[in-house]
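The block underneath contains the structure these notes are about, expressed in C-alpha coordinates.
The values are calculated or read from the model by the stated rules, or taken from the named source; none is laboratory data. From a predicted model like this one, the values you see are computed outputs, not experimental measurements. Every residue, glycine among them, receives a Cβ derived from its backbone with ideal geometry; neighbour counts consider all protein chains shown.
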Amino acid sequence: MTIHQNLIAGEWVGSDAVKNINPSNTNDVVGEYARASADDAKNAIAAAKAAFPAWSRSGILERHAILRKTADEIMARKDELGRLLSREEGKTLAEGIGETVRAGQIFDFFAGEALRLAGETIPSVRPNIGIEITREGVGVVGIITPWNFPIAIPAWKIAPALCYGNTVVFKPAELVPGCSWAIVDILHRAGLPKGVLNLVMGKGSVVGQAMLDSPDVQAITFTGSTGTGKRVAAASIEHNRKFQLEMGGKNPFVVLDDADLTVAVEAAANSAFFSTGQRCTASSRLIVTEGIHDRFVAAMTERLKGIVVDDALKAGTHIGPVVDESQLKQDTDYIEIGKQEGARLAFGGDLLKRDNPGFYLQPALFTEATNQMRISREEIFGPVASVIRVKDYDEALAVANDTSFGLSSGIATTSLKHATHFKRNAEAGMVMVNLPTAGVDFHVPFGGRKGSSYGPREQGKYASEFYTTVKTAYTLA
Ligand code: NDP
(Lines give C-alpha, C1' and ligand atoms only; values in the text may rest on other atoms or scores of the structure.)
Protein backbone atom coordinates (compact mmCIF):
# COMPACT_ATOMS: atom_id res chain seq x y z
CA MET A 1 0.00 0.00 0.00
CA THR A 2 1.37 3.47 -0.86
CA ILE A 3 2.10 5.66 2.12
CA HIS A 4 0.44 9.07 2.06
CA GLN A 5 3.27 11.27 3.25
CA ASN A 6 3.55 14.54 5.12
CA LEU A 7 4.19 17.74 3.19
CA ILE A 8 7.09 19.75 4.60
CA ALA A 9 8.71 22.65 2.73
CA GLY A 10 7.04 21.52 -0.49
CA GLU A 11 8.37 17.93 -0.29
CA TRP A 12 6.41 14.77 0.49
CA VAL A 13 8.29 13.02 3.31
CA GLY A 14 7.92 10.25 5.91
CA SER A 15 7.90 6.49 6.00
CA ASP A 16 6.70 5.55 9.49
CA ALA A 17 3.04 4.84 8.68
CA VAL A 18 -0.23 4.37 10.56
CA LYS A 19 -3.25 2.50 9.21
CA ASN A 20 -6.48 4.47 8.77
CA ILE A 21 -9.30 2.07 9.76
CA ASN A 22 -12.92 2.18 8.58
CA PRO A 23 -15.23 2.26 11.65
CA SER A 24 -18.02 0.61 9.62
CA ASN A 25 -15.74 -2.34 8.89
CA THR A 26 -12.59 -2.67 10.95
CA ASN A 27 -11.17 -5.16 8.39
CA ASP A 28 -11.08 -2.34 5.83
CA VAL A 29 -7.87 -0.30 5.80
CA VAL A 30 -8.65 3.06 4.19
CA GLY A 31 -4.97 3.81 3.64
CA GLU A 32 -1.58 4.21 5.28
CA TYR A 33 -0.56 7.66 6.45
CA ALA A 34 2.85 8.84 7.58
CA ARG A 35 3.30 9.62 11.26
CA ALA A 36 5.28 12.81 11.81
CA SER A 37 7.75 13.24 14.66
CA ALA A 38 8.34 16.31 16.82
CA ASP A 39 11.36 17.10 14.58
CA ASP A 40 9.12 16.96 11.50
CA ALA A 41 6.84 19.48 13.20
CA LYS A 42 9.83 21.75 13.90
CA ASN A 43 10.96 21.49 10.26
CA ALA A 44 7.42 22.30 9.10
CA ILE A 45 7.31 25.37 11.37
CA ALA A 46 10.72 26.51 10.05
CA ALA A 47 9.48 26.08 6.46
CA ALA A 48 6.32 28.05 7.17
CA LYS A 49 8.35 30.80 8.83
CA ALA A 50 10.68 31.03 5.83
CA ALA A 51 7.74 31.16 3.40
CA PHE A 52 5.80 33.86 5.26
CA PRO A 53 7.49 37.08 4.01
CA ALA A 54 6.87 36.26 0.33
CA TRP A 55 3.40 34.76 0.79
CA SER A 56 2.20 37.64 2.98
CA ARG A 57 3.10 39.99 0.11
CA SER A 58 1.77 37.77 -2.66
CA GLY A 59 -0.73 39.25 -5.08
CA ILE A 60 -4.39 38.82 -4.30
CA LEU A 61 -4.98 37.30 -7.73
CA GLU A 62 -2.48 34.52 -6.96
CA ARG A 63 -4.25 33.69 -3.70
CA HIS A 64 -7.64 33.91 -5.40
CA ALA A 65 -6.56 31.58 -8.21
CA ILE A 66 -5.16 28.89 -5.89
CA LEU A 67 -8.20 28.91 -3.58
CA ARG A 68 -10.56 28.92 -6.58
CA LYS A 69 -8.76 26.00 -8.25
CA THR A 70 -8.95 24.08 -4.98
CA ALA A 71 -12.68 24.74 -4.68
CA ASP A 72 -13.23 23.56 -8.24
CA GLU A 73 -11.31 20.31 -7.73
CA ILE A 74 -13.08 19.52 -4.44
CA MET A 75 -16.45 20.07 -6.14
CA ALA A 76 -15.47 17.97 -9.16
CA ARG A 77 -14.37 15.12 -6.85
CA LYS A 78 -17.19 15.45 -4.29
CA ASP A 79 -18.45 11.87 -4.67
CA GLU A 80 -14.98 10.32 -4.34
CA LEU A 81 -13.92 12.56 -1.42
CA GLY A 82 -17.30 12.19 0.27
CA ARG A 83 -16.89 8.44 0.07
CA LEU A 84 -13.38 8.67 1.55
CA LEU A 85 -14.80 10.79 4.38
CA SER A 86 -17.58 8.32 5.14
CA ARG A 87 -15.13 5.46 5.00
CA GLU A 88 -12.68 6.97 7.47
CA GLU A 89 -15.10 8.72 9.86
CA GLY A 90 -18.32 6.73 9.62
CA LYS A 91 -20.78 9.43 8.53
CA THR A 92 -23.34 8.33 5.97
CA LEU A 93 -22.42 8.83 2.33
CA ALA A 94 -24.98 11.63 2.00
CA GLU A 95 -23.44 13.39 5.00
CA GLY A 96 -19.92 12.75 3.67
CA ILE A 97 -20.71 14.22 0.26
CA GLY A 98 -22.60 17.12 1.87
CA GLU A 99 -19.59 17.96 4.05
CA THR A 100 -17.28 17.77 1.04
CA VAL A 101 -19.46 20.19 -0.91
CA ARG A 102 -19.36 22.52 2.07
CA ALA A 103 -15.54 22.38 2.02
CA GLY A 104 -15.62 23.33 -1.66
CA GLN A 105 -17.98 26.22 -0.93
CA ILE A 106 -15.67 27.45 1.84
CA PHE A 107 -12.65 27.56 -0.51
CA ASP A 108 -14.84 29.31 -3.08
CA PHE A 109 -15.97 31.88 -0.49
CA PHE A 110 -12.40 32.68 0.59
CA ALA A 111 -11.22 32.82 -3.03
CA GLY A 112 -13.71 35.70 -3.29
CA GLU A 113 -12.59 37.23 0.00
CA ALA A 114 -9.01 37.39 -1.32
CA LEU A 115 -10.28 39.87 -3.93
CA ARG A 116 -12.23 41.88 -1.38
CA LEU A 117 -9.34 42.70 1.01
CA ALA A 118 -9.78 46.32 1.99
CA GLY A 119 -8.68 48.87 4.55
CA GLU A 120 -9.85 52.27 5.74
CA THR A 121 -8.50 55.77 5.47
CA ILE A 122 -9.37 58.11 8.29
CA PRO A 123 -8.34 61.76 8.80
CA SER A 124 -6.07 62.39 11.75
CA VAL A 125 -7.13 64.74 14.51
CA ARG A 126 -3.92 66.59 13.60
CA PRO A 127 -3.88 68.67 10.37
CA ASN A 128 -2.14 67.34 7.23
CA ILE A 129 -1.84 63.80 8.53
CA GLY A 130 -3.59 60.83 6.97
CA ILE A 131 -4.22 57.49 8.63
CA GLU A 132 -4.51 54.13 6.87
CA ILE A 133 -5.87 51.12 8.68
CA THR A 134 -4.97 47.82 7.05
CA ARG A 135 -5.04 44.14 7.92
CA GLU A 136 -1.98 41.91 7.52
CA GLY A 137 -1.38 38.19 7.90
CA VAL A 138 -0.39 37.17 11.42
CA GLY A 139 2.48 34.84 10.46
CA VAL A 140 2.77 31.09 10.95
CA VAL A 141 -0.65 29.70 11.89
CA GLY A 142 -0.87 26.30 13.59
CA ILE A 143 -4.06 24.43 12.71
CA ILE A 144 -5.15 21.51 14.93
CA THR A 145 -8.35 19.74 13.93
CA PRO A 146 -10.57 16.99 15.40
CA TRP A 147 -11.91 13.83 13.79
CA ASN A 148 -15.62 14.64 13.56
CA PHE A 149 -15.56 16.92 10.47
CA PRO A 150 -12.55 15.57 8.56
CA ILE A 151 -12.85 17.93 5.57
CA ALA A 152 -15.04 20.89 6.62
CA ILE A 153 -13.05 21.95 9.69
CA PRO A 154 -9.65 21.77 7.91
CA ALA A 155 -11.23 23.76 5.06
CA TRP A 156 -12.69 26.48 7.28
CA LYS A 157 -9.32 27.00 8.96
CA ILE A 158 -6.91 26.56 6.01
CA ALA A 159 -8.86 28.66 3.48
CA PRO A 160 -8.98 31.90 5.52
CA ALA A 161 -5.42 31.39 6.81
CA LEU A 162 -4.09 31.33 3.23
CA CYS A 163 -6.51 33.97 1.96
CA TYR A 164 -5.22 36.56 4.44
CA GLY A 165 -1.54 35.85 3.74
CA ASN A 166 -0.55 33.47 6.53
CA THR A 167 1.54 30.35 6.20
CA VAL A 168 0.31 27.14 7.80
CA VAL A 169 1.38 24.10 9.77
CA PHE A 170 -1.60 21.76 9.77
CA LYS A 171 -2.08 18.79 12.12
CA PRO A 172 -5.27 16.79 11.51
CA ALA A 173 -6.61 14.24 14.01
CA GLU A 174 -4.64 11.03 13.69
CA LEU A 175 -7.87 9.05 13.41
CA VAL A 176 -8.94 10.66 10.10
CA PRO A 177 -5.92 11.76 8.03
CA GLY A 178 -7.42 10.83 4.62
CA CYS A 179 -9.46 13.93 3.74
CA SER A 180 -6.80 16.23 5.19
CA TRP A 181 -4.14 14.63 3.02
CA ALA A 182 -6.42 14.97 0.00
CA ILE A 183 -7.05 18.70 0.41
CA VAL A 184 -3.37 19.44 1.09
CA ASP A 185 -2.51 17.50 -2.08
CA ILE A 186 -5.07 19.55 -4.03
CA LEU A 187 -3.76 22.87 -2.66
CA HIS A 188 -0.16 21.83 -3.35
CA ARG A 189 -0.96 20.96 -6.97
CA ALA A 190 -3.00 24.15 -7.31
CA GLY A 191 0.31 26.01 -7.09
CA LEU A 192 1.01 27.00 -3.49
CA PRO A 193 4.67 28.00 -3.11
CA LYS A 194 6.90 25.69 -1.04
CA GLY A 195 6.45 25.95 2.71
CA VAL A 196 3.21 27.97 2.60
CA LEU A 197 1.14 24.95 3.67
CA ASN A 198 2.75 22.11 5.61
CA LEU A 199 1.02 18.90 6.65
CA VAL A 200 2.19 17.01 9.75
CA MET A 201 -0.01 14.00 10.45
CA GLY A 202 0.62 12.32 13.77
CA LYS A 203 -0.17 12.22 17.45
CA GLY A 204 -1.47 15.31 19.19
CA SER A 205 0.73 14.65 22.19
CA VAL A 206 3.83 14.71 19.95
CA VAL A 207 3.18 16.80 16.83
CA GLY A 208 0.49 19.04 18.32
CA GLN A 209 2.57 19.59 21.44
CA ALA A 210 5.60 20.58 19.34
CA MET A 211 3.41 23.22 17.70
CA LEU A 212 2.19 24.50 21.08
CA ASP A 213 5.78 24.71 22.34
CA SER A 214 7.19 26.64 19.37
CA PRO A 215 7.81 30.39 19.72
CA ASP A 216 7.68 30.63 15.90
CA VAL A 217 3.96 29.79 15.69
CA GLN A 218 2.19 33.17 15.89
CA ALA A 219 -1.37 31.86 16.07
CA ILE A 220 -3.10 28.56 16.81
CA THR A 221 -6.63 27.65 15.85
CA PHE A 222 -7.96 24.53 17.55
CA THR A 223 -11.17 22.50 17.52
CA GLY A 224 -11.53 19.53 19.87
CA SER A 225 -11.99 18.67 23.51
CA THR A 226 -12.09 21.11 26.41
CA GLY A 227 -9.04 19.47 28.01
CA THR A 228 -6.78 19.91 24.99
CA GLY A 229 -8.22 23.38 24.40
CA LYS A 230 -7.01 24.42 27.85
CA ARG A 231 -3.49 23.18 27.00
CA VAL A 232 -3.57 25.22 23.78
CA ALA A 233 -4.64 28.28 25.78
CA ALA A 234 -1.96 27.90 28.48
CA ALA A 235 0.85 27.34 25.95
CA SER A 236 -0.35 30.23 23.79
CA ILE A 237 -0.40 32.67 26.70
CA GLU A 238 3.12 31.53 27.55
CA HIS A 239 4.24 32.40 24.00
CA ASN A 240 2.10 35.54 23.74
CA ARG A 241 0.37 34.22 20.63
CA LYS A 242 -3.14 34.56 19.26
CA PHE A 243 -5.35 31.56 19.82
CA GLN A 244 -8.84 30.49 18.94
CA LEU A 245 -10.65 27.53 20.53
CA GLU A 246 -13.81 25.70 19.51
CA MET A 247 -14.59 23.08 22.11
CA GLY A 248 -17.53 21.10 23.28
CA GLY A 249 -21.20 21.69 23.76
CA LYS A 250 -24.13 20.46 25.81
CA ASN A 251 -26.61 22.11 23.54
CA PRO A 252 -30.24 22.43 24.65
CA PHE A 253 -33.25 21.96 22.39
CA VAL A 254 -36.42 23.33 23.96
CA VAL A 255 -39.85 22.01 22.95
CA LEU A 256 -42.80 24.13 24.06
CA ASP A 257 -46.46 23.08 24.41
CA ASP A 258 -47.35 25.15 21.35
CA ALA A 259 -44.74 23.49 19.09
CA ASP A 260 -45.66 21.78 15.85
CA LEU A 261 -44.96 18.21 17.01
CA THR A 262 -43.71 16.99 13.63
CA VAL A 263 -41.29 19.92 13.32
CA ALA A 264 -40.12 19.43 16.92
CA VAL A 265 -39.49 15.69 16.56
CA GLU A 266 -37.68 16.04 13.24
CA ALA A 267 -35.43 18.82 14.54
CA ALA A 268 -34.75 16.99 17.82
CA ALA A 269 -33.95 13.67 16.09
CA ASN A 270 -31.62 15.42 13.68
CA SER A 271 -29.96 17.49 16.44
CA ALA A 272 -29.37 14.57 18.75
CA PHE A 273 -28.63 11.62 16.50
CA PHE A 274 -27.61 12.49 12.94
CA SER A 275 -23.89 12.17 12.24
CA THR A 276 -24.02 9.67 15.14
CA GLY A 277 -24.40 12.59 17.58
CA GLN A 278 -20.73 13.40 16.96
CA ARG A 279 -21.18 17.10 16.28
CA CYS A 280 -20.17 19.86 18.69
CA THR A 281 -23.53 21.46 17.80
CA ALA A 282 -25.51 18.26 18.52
CA SER A 283 -28.26 18.56 21.11
CA SER A 284 -28.14 16.11 23.97
CA ARG A 285 -30.60 17.93 26.26
CA LEU A 286 -34.19 17.93 25.02
CA ILE A 287 -36.02 20.27 27.38
CA VAL A 288 -39.76 19.69 27.05
CA THR A 289 -42.68 21.47 28.72
CA GLU A 290 -45.18 19.22 30.52
CA GLY A 291 -48.19 19.80 28.23
CA ILE A 292 -46.45 18.20 25.23
CA HIS A 293 -43.98 15.95 27.08
CA ASP A 294 -45.72 12.58 26.75
CA ARG A 295 -46.74 13.13 23.11
CA PHE A 296 -43.18 14.23 22.29
CA VAL A 297 -41.58 11.20 23.95
CA ALA A 298 -44.00 8.84 22.18
CA ALA A 299 -43.39 10.46 18.79
CA MET A 300 -39.60 10.54 19.31
CA THR A 301 -39.58 6.86 20.22
CA GLU A 302 -41.54 6.04 17.06
CA ARG A 303 -39.13 8.17 15.00
CA LEU A 304 -36.13 6.37 16.50
CA LYS A 305 -37.60 2.96 15.68
CA GLY A 306 -37.43 3.94 12.00
CA ILE A 307 -33.76 4.97 12.09
CA VAL A 308 -31.39 2.53 10.38
CA VAL A 309 -27.94 2.20 11.92
CA ASP A 310 -25.55 0.44 9.55
CA ASP A 311 -22.46 0.68 7.36
CA ALA A 312 -21.94 4.34 6.43
CA LEU A 313 -21.56 3.48 2.75
CA LYS A 314 -24.67 1.33 2.51
CA ALA A 315 -27.74 2.78 0.77
CA GLY A 316 -30.56 3.29 3.27
CA THR A 317 -28.32 3.89 6.30
CA HIS A 318 -29.47 6.87 8.38
CA ILE A 319 -26.75 6.73 11.04
CA GLY A 320 -23.28 5.27 10.65
CA PRO A 321 -21.08 3.78 13.37
CA VAL A 322 -19.34 5.54 16.25
CA VAL A 323 -15.87 6.71 15.17
CA ASP A 324 -13.75 4.23 17.17
CA GLU A 325 -13.60 1.89 20.11
CA SER A 326 -12.64 4.46 22.73
CA GLN A 327 -15.47 6.83 21.73
CA LEU A 328 -17.87 3.85 21.78
CA LYS A 329 -16.71 3.05 25.31
CA GLN A 330 -17.26 6.67 26.34
CA ASP A 331 -20.81 6.53 24.93
CA THR A 332 -21.74 3.23 26.59
CA ASP A 333 -20.14 4.32 29.89
CA TYR A 334 -22.41 7.38 29.87
CA ILE A 335 -25.45 5.20 29.13
CA GLU A 336 -24.60 3.21 32.27
CA ILE A 337 -24.04 6.41 34.24
CA GLY A 338 -27.47 7.68 33.11
CA LYS A 339 -29.17 4.51 34.33
CA GLN A 340 -27.34 4.65 37.66
CA GLU A 341 -28.29 8.30 38.09
CA GLY A 342 -31.97 7.34 37.83
CA ALA A 343 -32.83 8.42 34.28
CA ARG A 344 -35.07 5.98 32.38
CA LEU A 345 -33.66 4.52 29.17
CA ALA A 346 -36.78 4.86 27.04
CA PHE A 347 -35.17 3.68 23.82
CA GLY A 348 -32.00 2.05 22.46
CA GLY A 349 -28.49 2.13 23.85
CA ASP A 350 -27.62 -1.41 22.69
CA LEU A 351 -24.55 -2.42 20.73
CA LEU A 352 -25.61 -3.66 17.30
CA LYS A 353 -24.17 -6.41 15.12
CA ARG A 354 -24.02 -5.76 11.39
CA ASP A 355 -22.56 -7.65 8.38
CA ASN A 356 -19.09 -6.24 9.04
CA PRO A 357 -17.33 -5.67 12.37
CA GLY A 358 -17.80 -2.04 13.34
CA PHE A 359 -18.71 0.28 16.22
CA TYR A 360 -22.49 0.21 15.92
CA LEU A 361 -24.60 1.75 18.66
CA GLN A 362 -28.38 2.08 18.69
CA PRO A 363 -29.42 5.70 19.42
CA ALA A 364 -30.24 6.07 23.12
CA LEU A 365 -33.01 8.25 24.51
CA PHE A 366 -33.32 8.86 28.25
CA THR A 367 -36.43 10.29 29.90
CA GLU A 368 -36.99 11.41 33.51
CA ALA A 369 -33.56 13.07 33.40
CA THR A 370 -32.68 16.13 35.44
CA ASN A 371 -30.32 18.89 34.43
CA GLN A 372 -28.08 18.08 37.38
CA MET A 373 -27.22 14.56 36.19
CA ARG A 374 -23.79 13.98 34.64
CA ILE A 375 -25.48 12.92 31.38
CA SER A 376 -26.96 16.44 31.25
CA ARG A 377 -23.79 18.30 32.20
CA GLU A 378 -20.90 16.52 30.45
CA GLU A 379 -20.34 16.21 26.71
CA ILE A 380 -20.95 12.60 25.64
CA PHE A 381 -20.34 13.11 21.91
CA GLY A 382 -22.40 10.16 20.74
CA PRO A 383 -25.99 9.22 19.84
CA VAL A 384 -27.26 9.70 23.39
CA ALA A 385 -29.86 12.31 24.41
CA SER A 386 -32.00 13.00 27.47
CA VAL A 387 -35.47 14.44 27.83
CA ILE A 388 -35.76 16.89 30.73
CA ARG A 389 -39.34 17.71 31.72
CA VAL A 390 -40.05 21.35 32.72
CA LYS A 391 -43.14 23.30 33.77
CA ASP A 392 -43.16 26.20 31.34
CA TYR A 393 -41.11 28.44 29.03
CA ASP A 394 -39.41 30.31 31.86
CA GLU A 395 -38.14 27.11 33.44
CA ALA A 396 -37.13 25.78 29.99
CA LEU A 397 -35.00 28.87 29.34
CA ALA A 398 -33.40 28.69 32.78
CA VAL A 399 -32.53 25.00 32.30
CA ALA A 400 -31.27 25.62 28.76
CA ASN A 401 -28.85 28.26 30.08
CA ASP A 402 -27.81 26.26 33.15
CA THR A 403 -24.68 24.75 31.60
CA SER A 404 -21.00 25.55 31.42
CA PHE A 405 -21.20 25.44 27.59
CA GLY A 406 -22.76 27.88 25.11
CA LEU A 407 -22.32 26.83 21.50
CA SER A 408 -25.77 26.28 20.00
CA SER A 409 -29.30 26.43 21.36
CA GLY A 410 -32.65 25.54 19.77
CA ILE A 411 -36.36 25.95 20.36
CA ALA A 412 -39.48 24.45 18.78
CA THR A 413 -42.43 26.82 19.17
CA THR A 414 -45.16 28.52 17.12
CA SER A 415 -45.12 31.52 19.44
CA LEU A 416 -43.42 34.62 18.05
CA LYS A 417 -43.17 35.98 21.58
CA HIS A 418 -41.26 32.95 22.89
CA ALA A 419 -39.12 32.60 19.77
CA THR A 420 -38.10 36.26 19.98
CA HIS A 421 -37.42 36.09 23.70
CA PHE A 422 -35.38 32.89 23.28
CA LYS A 423 -33.23 34.36 20.49
CA ARG A 424 -32.44 37.29 22.75
CA ASN A 425 -31.87 35.37 25.98
CA ALA A 426 -30.30 32.02 25.03
CA GLU A 427 -26.72 32.09 26.29
CA ALA A 428 -25.22 30.60 23.13
CA GLY A 429 -23.30 31.74 20.08
CA MET A 430 -25.93 30.31 17.72
CA VAL A 431 -29.71 30.06 18.16
CA MET A 432 -32.09 27.99 16.03
CA VAL A 433 -35.87 28.39 15.90
CA ASN A 434 -37.78 25.33 14.64
CA LEU A 435 -34.49 24.02 13.24
CA PRO A 436 -31.94 21.49 14.48
CA THR A 437 -29.17 22.87 16.73
CA ALA A 438 -26.66 21.51 14.21
CA GLY A 439 -26.39 22.35 10.53
CA VAL A 440 -24.95 25.79 9.87
CA ASP A 441 -24.14 27.85 6.79
CA PHE A 442 -20.55 28.33 5.67
CA HIS A 443 -20.66 32.09 5.02
CA VAL A 444 -21.75 33.38 8.45
CA PRO A 445 -20.03 33.39 11.86
CA PHE A 446 -19.69 30.13 13.76
CA GLY A 447 -18.78 29.89 17.42
CA GLY A 448 -19.99 29.92 20.98
CA ARG A 449 -19.78 31.40 24.44
CA LYS A 450 -18.81 30.30 27.95
CA GLY A 451 -16.82 27.03 27.98
CA SER A 452 -17.49 26.27 24.31
CA SER A 453 -15.31 28.79 22.55
CA TYR A 454 -12.57 31.32 22.98
CA GLY A 455 -11.45 34.04 20.62
CA PRO A 456 -12.94 35.48 17.45
CA ARG A 457 -15.60 33.67 15.43
CA GLU A 458 -14.76 31.31 12.58
CA GLN A 459 -16.14 31.40 9.03
CA GLY A 460 -17.56 34.09 6.80
CA LYS A 461 -15.96 37.53 6.78
CA TYR A 462 -15.67 37.37 10.58
CA ALA A 463 -12.75 34.93 10.08
CA SER A 464 -10.51 37.91 9.28
CA GLU A 465 -10.56 38.88 12.98
CA PHE A 466 -8.42 35.87 13.84
CA TYR A 467 -6.33 35.45 10.70
CA THR A 468 -5.19 39.07 10.42
CA THR A 469 -3.57 41.68 12.58
CA VAL A 470 -4.52 45.35 12.24
CA LYS A 471 -1.97 48.01 11.32
CA THR A 472 -2.55 51.76 11.76
CA ALA A 473 -0.18 53.85 9.59
CA TYR A 474 0.20 57.67 9.87
CA THR A 475 1.57 59.80 7.00
CA LEU A 476 2.41 63.51 6.98
CA ALA A 477 1.06 64.93 3.73
P1 NDP B 1 -8.76 16.01 21.38
O2 NDP B 1 -8.98 17.36 21.93
O3 NDP B 1 -7.76 15.15 22.05
O4 NDP B 1 -8.32 16.10 19.84
C5 NDP B 1 -8.44 17.24 19.02
C6 NDP B 1 -7.13 17.51 18.30
O7 NDP B 1 -6.13 17.90 19.25
C8 NDP B 1 -6.55 16.27 17.59
O9 NDP B 1 -5.92 16.65 16.39
C10 NDP B 1 -5.55 15.77 18.60
O11 NDP B 1 -4.56 14.95 18.02
C12 NDP B 1 -4.98 17.08 19.10
N13 NDP B 1 -4.25 16.97 20.37
C14 NDP B 1 -4.38 16.04 21.34
N15 NDP B 1 -3.50 16.29 22.34
C16 NDP B 1 -2.81 17.40 22.00
C17 NDP B 1 -1.75 18.16 22.61
N18 NDP B 1 -1.23 17.82 23.80
N19 NDP B 1 -1.29 19.22 21.98
C20 NDP B 1 -1.79 19.60 20.79
N21 NDP B 1 -2.76 18.91 20.14
C22 NDP B 1 -3.28 17.84 20.74
O23 NDP B 1 -10.13 15.27 21.27
P24 NDP B 1 -10.40 13.71 21.01
O25 NDP B 1 -10.28 13.44 19.57
O26 NDP B 1 -9.55 12.85 21.90
O27 NDP B 1 -11.89 13.59 21.47
C28 NDP B 1 -12.19 13.52 22.85
C29 NDP B 1 -13.47 14.23 23.15
O30 NDP B 1 -13.37 15.58 22.75
C31 NDP B 1 -14.69 13.72 22.40
O32 NDP B 1 -15.25 12.60 22.99
C33 NDP B 1 -15.57 14.92 22.48
O34 NDP B 1 -16.19 14.97 23.73
C35 NDP B 1 -14.61 16.08 22.33
N36 NDP B 1 -14.51 16.56 20.95
C37 NDP B 1 -15.15 17.70 20.64
C38 NDP B 1 -15.10 18.17 19.35
C39 NDP B 1 -15.79 19.41 18.97
O40 NDP B 1 -15.96 19.68 17.78
N41 NDP B 1 -16.21 20.22 19.92
C42 NDP B 1 -14.42 17.46 18.28
C43 NDP B 1 -13.76 16.26 18.72
C44 NDP B 1 -13.80 15.86 20.01
P45 NDP B 1 -4.74 13.34 17.85
O46 NDP B 1 -6.20 13.05 17.96
O47 NDP B 1 -4.22 13.07 16.51
O48 NDP B 1 -3.93 12.72 18.92
(message) Take residues that are within 30 Å of VAL322 (Cα to Cα) and tell me which of the strands (runs of 3 or more DSSP E) falling wholly in the stretch 1-102 contain 2 or more.
(response) 6-8, 17-22, 25-34
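Check GLY406, GLY349, GLY358, GLY320 and return the single one that is assigned by TED's automatic domain parsing to the domain that holds ASN270, within 22 Å of ALA299 (Cβ to Cβ) and of a type in the set (Gly, Ala, Ser).
On the way: GLY406 fails: within 22 Å of ALA299 (Cβ to Cβ); GLY358 fails: within 22 Å of ALA299 (Cβ to Cβ); GLY320 fails: within 22 Å of ALA299 (Cβ to Cβ).
Step by step, each of GLY406, GLY349, GLY358, GLY320 is checked, and only GLY349 is assigned by TED's automatic domain parsing to the domain that holds ASN270, within 22 Å of ALA299 (Cβ to Cβ) and of a type in the set (Gly, Ala, Ser).
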(message) Out of the strands (runs of 3 or more DSSP E) lying entirely within the stretch 387-477, which hold 3 or more residues that are surrounded by 22 or more Cβ atoms within 10 Å (Cβ to Cβ) and touching a residue at least 40 places away in the same chain (Cβ under 8 Å)?
(response) 408-412
(request) Can you tell me which residue among PHE274, PHE253 is within 16 Å of the ligand (Cβ to nearest atom) and among the aromatic types (Phe, Trp, Tyr)? (result) PHE274
(request) Scan the stretch 183-202 for residues that are under 13 Å from ILE158 (Cβ atoms), of a type in the set (A, V, I, L, M, F, W, C) and crowded, with 23+ Cβ neighbours inside 10 Å and jot them down. (result) ILE183, VAL184, LEU187, LEU192, VAL196, LEU197, LEU199
(message) Looking at (1) within 16 Å of the ligand (Cβ to nearest atom); (2) crowded, with 24+ Cβ neighbours inside 10 Å, which one does ALA159 not meet, given that it meets all the others?
(response) (1)
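Out of ALA298, ALA268, report the one residue that is assigned to a helix (DSSP H, G or I), surrounded by fewer than 17 Cβ atoms within 10 Å (Cβ to Cβ) and more than 16 Å from the ligand (Cβ to nearest atom). Lay out the reasoning, then the answer.
On the way: ALA268 fails: surrounded by fewer than 17 Cβ atoms within 10 Å (Cβ to Cβ).
Just a single option satisfies the conditions, and that option is ALA298.
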(request) Would you check which residues across the stretch 455-467 are touching a helix residue (DSSP H, G or I) at 6+ places or on another chain (Cβ under 9 Å) and either at negative phi or at pLDDT below 95 (or both) and list them? (result) PRO456, ARG457, GLU458, LYS461, ALA463, SER464, PHE466, TYR467
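Quick one: which residue in PHE381, PHE446 is on the phi > 0 side of the Ramachandran plot, in contact with a helix residue (DSSP H, G or I) (Cβ under 8 Å, 6 or more places away or on another chain) and of a type outside the set (Gly, Ala, Ser)?
Details: PHE446 fails: on the phi > 0 side of the Ramachandran plot.
Answer to the check: PHE381.
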(message) So SER225 passes all but one of these: (1) among the polar types (S, T, N, Q); (2) in contact with a helix residue (DSSP H, G or I) (Cβ under 8 Å, 6 or more places away or on another chain); (3) within 15 Å of the ligand (Cβ to nearest atom). Which condition number does it fail?
(response) (2)
(request) Select from the stretch 172-192 the residues that are out of contact with any strand residue (DSSP E or B) (no Cβ under 9 Å at 6 or more places or on another chain) and either farther than 17 Å from LEU81 by Cβ or assigned to a loop (DSSP other than H, G, I, E, B) (or both) and write down the one among them that is nearest to the ligand (Cβ to nearest atom). (result) LEU192
(message) Kindly evaluate SER326 against the criterion of being of a type in the set (Gly, Ala, Ser) and part of a helix (DSSP H, G or I).
(response) yes
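Give the residues of the stretch 228-250 that are outside any loop (DSSP other than H, G, I, E, B) and either away from the ligand (no atom under 12 Å from the Cβ) or aliphatic (A, V, I, L, M) (or both), sorted by residue number. Steps first, please.
Initial filter on the stretch 228-250 (outside any loop (DSSP other than H, G, I, E, B)): 228-238, 242-246.
Listed by number, the residues that qualify are VAL232, ALA233, ALA234, ALA235, ILE237, GLU238, LYS242, GLN244, LEU245.
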(request) Select from the stretch 199-222 the residues that are more than 7 Å from the ligand (Cβ to nearest atom) and assigned to a helix (DSSP H, G or I) and list them in ascending order. (result) VAL206, VAL207, ALA210, ASP213
